[in-house]
Each structure stands twice: as structure tokens, then as C-alpha cells.
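If you scroll down you'll find the structure; I have some questions about it.
What follows is calculated from the coordinates using simple rules that are stated; it is not laboratory data. Note that the structure is a prediction, hence the values are computed from the model and not measured. Virtual Cβ from ideal backbone geometry, glycine too; neighbours counted across all protein chains shown.
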Amino acid sequence: MAAVGNPPIIVDSLVKRFGSVTAIDRIDFTVADGSTTALLGGNGAGKTTTLAILLGLLLPTSGSVRVLGFDMMRDRSRALRLMNFSSPYVDLPRRLSVAENLSVYGRLYGVRDLRYRIEALADDLEITAFLKRPTGDLSAGQRTRVALAKALINRPRLLLLDEPTASLDPDTADWIRRYLDRYRRDSGATILLASHNMAEVERLCDDVLMLRSGTLVDRGTPKALIARYGRRNLEEVFLDIARRPQQSAAAAAQ
Amino acid sequence: MRDARADRIDAVPESAVAFSWQRVSALMLRHLYILRRSWPRVLDLAYWPTVQMLLWGFITVFFQQHSSWVAEAAGVLISAVLLWDVLFRANLGLSLSFLEEMWARNLGQLFVSPMRPAELVTAMSLLSLIRTLISVTPAAVLALPLFDVWVFSLGPPLVAFFANLLVLGWTVGLIVSALVLRLGLGAENLAWVAIFAIAPLSGIYYPIETLPVWLQPVSWALPSAYVFEGMRAVLFEGTFRWDLLAGAVALNAVYFAAAVTFFLRMIHVARERGLLLQQGE
């Protein structure tokens, strides 16, 4: 069990190969307790692969991953009870109502006083009005809030999010960001998110891990990265790293 | 945001890692919610076994007048078709529970929860039992007023036949689910057709000795062959063949254990290859 203050995520020499393709190439990082950390990188940089390994959905080729103090190769079930995940690319059953989906997942996570928990989440995430509607009938914004409710059903100590505001209108996306920020402050949870939205990362994250071609090329706070690369914002830093030749982008920045 | 810090889970109780019936019931609930409010689905489950029973009922009526073999035991064909449907529905019930998770792109969500694969297998098996009972019971009951055949008159042996065919159906369903997980939804038709490969060899409507001699050992490698021979022994001779039951149970134990192992292995392969995140239509 991770004591308070210990890094909830410790990744050591992580490698993942699919046949001859190396998706993750010996990356090491830790994520600080109570932080919001971003995994940034272009398509195919290894963000989703890293998240999938942290969730135990994917087995690494080599290296080790400890989540909340548990070795994900051996003690996956113990860690999974304390964490949760949301992605626009993984659905909830569309024919079940929102309340039914939350009820099923609440039971899977062993949530006590489940009815009270669902009511509280519905109130918080403003989904009470459509609790009885089929999940598949909801708009993209409503579905994102429902997916977030599922991801928070067990009050996770670690929340992994894959593009949490993808395909949302600016107003809904802003609402989700404010909610996540508030959740982290109120609960003390740690959030690790993969995103392509640089403004979102600048606003939400304390720490940024820059991935490129499966390697970790740089990390730092958004402000530190912007200063180090001499750019105006994180988007320019992202483009700088993505478009540089294969040498170490961090070295290039210096 | 009312209660996030106050209610944070700070310990992992042993139940989180041991086999959990609560999680099994949660996995079942997901399917029962849909079944409960969808009468067309329930009707669809019962429809085909009833049509089959009617078809074989009328064939029985005809054969009773033209075949001394059927005339000896009037219920043999109807009992056979109902027991065959137990096998078919048990296989389909398990496969469909798994396929529905793939169609819904829900496998990823399930596998990032504390659910254990053994709980998934248990839930799918129990759902298969429920679907099989819904499918076969109406046809079995209707056979009495329509054809004067009461399949429950088989007595306690019926429970043994039912249980063995149920487990064989689960075995085929698990293998099909594992293959679909590995090969993708392009292989989903296996759920409907795979079971028919063993139908001609199971001696559903005829004794195993009807088959060519060289094919009979293959039949005797199937638990279903022992069940249908056992059924005919009860109906024609009024005896319950314990040796046949023992054969079916022994083969089922081996095959079911192998199917569970294969299913768990394919989950491991799916985790190696990233298949759990890529499923869907």
C-alpha cells in the first residue's frame, strides 16, 4: 500500500514491443501523489500504450510498473480497486440506463451505500435528469459526464484519463476541466491524463511527460517547459519536440 | 463535491482480491437488466425451441404410425430435440454474454475493474443457465398438451442429462468466446455454427451404432453421445445407465477444464497484444 506522499505510479525501464515495432522504449518516470500529470505526444508516441499498461490491460515486454504500491504484474486486482479510468474510446453498455450502468460498476468496485453514492455523483456531475435514460441516447457531453461518474464511482485514489475532453464543445470541455480540478483538490487524488489539448494541459497539470516514438524525451511543469524551449505556450513546445529530428529534444532545447 | 476525501478507500479488503460473488452478480445484472425489459428478447429465446418441438412432434405422430422403433417410445424424438436445445442454448447463452460485451466495446471497462476472469466465466455460465431455462421450459411444457409427451417423466436422470449438456454447451461457448477474443468479431458466427459440428456425432436422433464403425470412437469422445444413449436407455429399456453417466461426467470434467484454461490463456494473449482495448464493431 502506498503511504501518503509516496509516488502512486512508479514506472521503471518499461518496454513494450508488438512484434518488430517498439511502442515503448525503456521509459522511467514517477508521478507525484496528489498531482495532475499529463502524458503528451503525437499519434503513436505511446500515450495510450502507457495508460493501458498502467491499467493492466496490456502486459509489458519488460520493466516494472508499480501502482499505488502494487506490482501490476502480480497484484493487479488490488490496485484496480483503488483506481479508475475513463476514455471516449471505451464505451459503457449503451442499452443500459445511466443508473443501471452506475449500479453495475458500483457493485463491481464493491462500493458501499451505492444508492447514496450514485445520487451524490449524479448531483455533482449534473446527470440526475437523465439517470433513467439509456446511455446510448445521450449527447457526447452527457456521455462524457456519465463516463466520469463511472470513473469516480469508487472514489479512486488514482484516476487515469485518455483524452477527457475529446470531441466536446468548449463549454462542456471547460465544465469537465473545472470539475476534475475541483475533484483533485477536494479528494487529494492523483490524476494522470493523456491529451492532445495543450491549453487543457497548461491549465490542469502540475507536471508534463513528453513522449515521442515511445521514449520519454522531456518532462517538467508547463511553465518550465515553455521557458526551457523559449516558446510562448505548450502547443509550440509540443510542435518543437514533435518536428525535431530524432535526437534528444531536451538536449536540443539546451 | 460532497464526500470524496471523507469516504476515500484507504485499505484493500481481502474480498477485493478473492473470488467475489458480488462481482459475479454485478456482471450478471448487466445482462439481466436488458433481458428484464425486453420481451422480444425473451420471446426470441423461447421461439426456436418451441418451433423445433412442434416440428419433431408432428414427425413423431407420423412415425408412430409407420415406425415400430418410435412407436416403442413415443417421446424419444421430442425428448431428443429438447435435450439438443439444452446443449445449443447453453453454448449460445454463454457465447452471447461475451459477444455482447464485445459489441458494446465494454470489455476494456470490465478489465480495468477489479473483476477477475474466473468471475467472468462464472457469470457467463450462470447467465447461460438462465437463458437455457427460459428457452427450453416453454417448449417442454407445451409438449404435454400438444403431443402428450411429458419430458419431465424422465425423472432424476433428466437432471443428469441436463447438467451434462449444459456443461458441454459452456465448454463450446468458452472456446468460441476465446477464439472471438483472439480473432476478432469476424469470427462471431462460430457462436451459432460451431456446436453443429458435433450434432451428427452425438446420436441425438439415432443410436451411435448407426454411424460408420470408424466414426464411432469419435462419437464416444463426446459427452453428448453418452447423454443421448442414456436417454434412449431410459425411454426404451426403463434403465438408467450409470456407466454412461460416468463417461459423460469424466469427459465433461476434462473438456471444461481445458476450455477454461484456453479462455484464460486467450485473455493473457489479449493482454499481451492489446486486444482488450481494440474490440468493437
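Looking only at B:S68, B:S128, B:S25, which one moves most when chain B is put into a Gaussian network model with springs between Cα atoms under 10 Å?
B:S68
While we're here: Would you mind telling me the antiparallel percentage of the DSSP bridges in the protein assembly as shown, rounded to 5? Each step should come with its number before you reach the end.
Details: 21 of 38 bridges.
Of those bridges, close to 55 percent are antiparallel.
Got the relative contact order for chain A handy, in percent, Cα pairs under 8 Å and 6 or more residues apart? Walk me through the numbers on the way to the answer.
On the way: 454 pairs, mean separation 61.8, N = 254.
Worked out over chain A, it gives 24 percent.
If a paramagnetic tag sat 7 Å from the Cα of B:S38 along the Cα-Cβ line, which residues of segment B:74-106 would have the backbone N under 16 Å from that point?
Label zone hits: B:92-106.
Run lengths n ≥ 4 of DSSP H only: what is the helix-derived mean residue ellipticity at 222 nm for chain B, with -39500 (n - 2.57) per run over all residues, to the nearest 500? Each step should come with its number before you reach the end.
Details: 11 runs with 192 residues, N = 281.
Using -39500 (n - 2.57) per qualifying helix, the result is -23000 deg cm²/dmol.
Ok, one more. Specify whether the C-alpha gyration tensor of segment B:20-277 places it in the rounded, prolate or oblate class, a ≥ b ≥ c being the square roots of the eigenvalues: rounded for a/c under 1.5, otherwise prolate if a/b is larger than b/c and oblate if not.
On the way: a/c = 2.25, a/b = 1.65, b/c = 1.36.
Verdict is prolate for segment B:20-277.
Compute the relative contact order of segment A:1-51 as a whole-number percentage, counting only Cα pairs closer than 8 Å that sit 6 or more residues apart in sequence. Could the numbers behind the result be given before it?
Working: 62 pairs, mean separation 16.7, N = 51.
Relative contact order of segment A:1-51: 33 percent.
Here's something else I'd like to know. Identify which of A:P60, A:P93, A:P156 has the largest mean-square fluctuation in a Gaussian network model of chain A, with springs joining Cα atoms closer than 10 Å.
Its mean-square fluctuation being the largest, the pick is A:P93.
Still on this structure, I have one more. In which sequence would B:T239, A:T190 go, from the one with the fewest C-beta neighbours within 10 Å to the one with the most? Each step should come with its number before you reach the end.
Numbers: B:T239 10, A:T190 24.
Fewest to most other Cβ atoms nearby, the residues stand as B:T239, A:T190.
Ordered by packing density, taken as the mean number of other Cβ atoms within 10 Å over each peptide's residues, highest first, how do B:34-45, B:88-99 rank? The partial results should precede the final answer.
Working: B:34-45: 13.2, B:88-99: 25.7.
Result, highest mean Cβ count within 10 Å first: B:88-99, B:34-45.
Given an 8 Å cut-off on Cα distances and at least 6 residues of separation, report the relative contact order of segment A:4-140 as a percent.
Values: 170 pairs, mean separation 26.8, N = 137.
Computed value for segment A:4-140: 20 percent relative contact order.
Let me ask another. With a sphere of radius 12 Å drawn around the Cβ of A:M72, what net charge do the other residues whose Cβ falls strictly inside it have (Lys, Arg +1; Asp, Glu -1)? Present the calculation step by step, with values, prior to reporting the outcome.
Values: positive: A:R66, A:R74, A:R76, A:R78, B:R271; negative: A:D12, A:D71, A:D75.
Result for the local shell: +2.
Which one, B:E237, B:E229, B:E101, has the greatest fluctuation when you compute a Gaussian network model over chain B with C-alpha springs under 10 angstrom?
B:E237
In terms of Cα to Cα distance under 23 Å, which lysines are near enough to A:K47, apart from those fewer than 8 places away along the same chain?
Answer for A:K47, where 23 Å is the Cα cut-off: A:K16, A:K150, A:K223, listed by chain and number.
Report the calculated FRET efficiency for B:A197 and A:T22 (r = Cβ-Cβ distance, R0 = 35 Å), to the nearest 0.05. Intermediate values should be presented prior to the final figure.
Numbers: r = 41 Å, r/R0 = 1.18.
Approximately 0.25, to the nearest 0.05.
Below 14 angstrom from the Cβ of B:Q216, what's the summed charge of the other residues (Lys, Arg +1; Asp, Glu -1)? Don't skip to the end; give the middle numbers.
Working: positive: none; negative: B:E209, B:E229.
Charge balance near B:Q216 sits at -2.
Moving on. From the Cα gyration tensor of the protein assembly as shown, with a ≥ b ≥ c the square roots of its eigenvalues, which class applies: rounded if a/c is under 1.5, or else prolate if a/b is larger than b/c, or else oblate?
Values: a/c = 2.90, a/b = 2.25, b/c = 1.29.
Note, shape of the protein assembly as shown comes out prolate.
Right, next: With angles folded into 0 to 90 degrees, how steeply does helix B:39-66 sit against the dominant principal axis of chain B? Use alpha carbons for both and round to 10.
On a 0 to 90 degree scale, this one is about 10.
Something else about it: Once you place label points 7 Å from the Cα toward the Cβ at B:A187 and A:S139, how far apart are they in nm?
Simple spin-label model gives 4.2 nm for this pair.
Output the 0 to 90 degree angle, nearest 10, between the alpha-carbon long axis of helix B:76-103 and the longest principal axis computed from the alpha carbons of chain B.
Between helix and principal axis, roughly 20 degrees.
How would segment A:90-155 be classified by its alpha-carbon gyration tensor: rounded, prolate or oblate, with rounded meaning a/c under 1.5 and the a/b versus b/c comparison settling the rest?
Judged from the Cα gyration tensor, segment A:90-155 comes out prolate (a/c at least 1.5, a/b above b/c).
Which distance in Å, rounded to a whole number, links the C-alpha centroids of segment B:196-267 and segment A:90-141?
45 Å
Mind putting a number on the dipole of segment B:95-195 about its Cα centre? Charges go on the C-beta only, +1 for Lys and Arg and -1 for Asp and Glu, and I need it in Debye to the nearest 20. Walk me through the intermediate numbers first.
Details: 4 positive and 5 negative charges, 40 e Å.
So the dipole magnitude of segment B:95-195 works out to roughly 200 debye.
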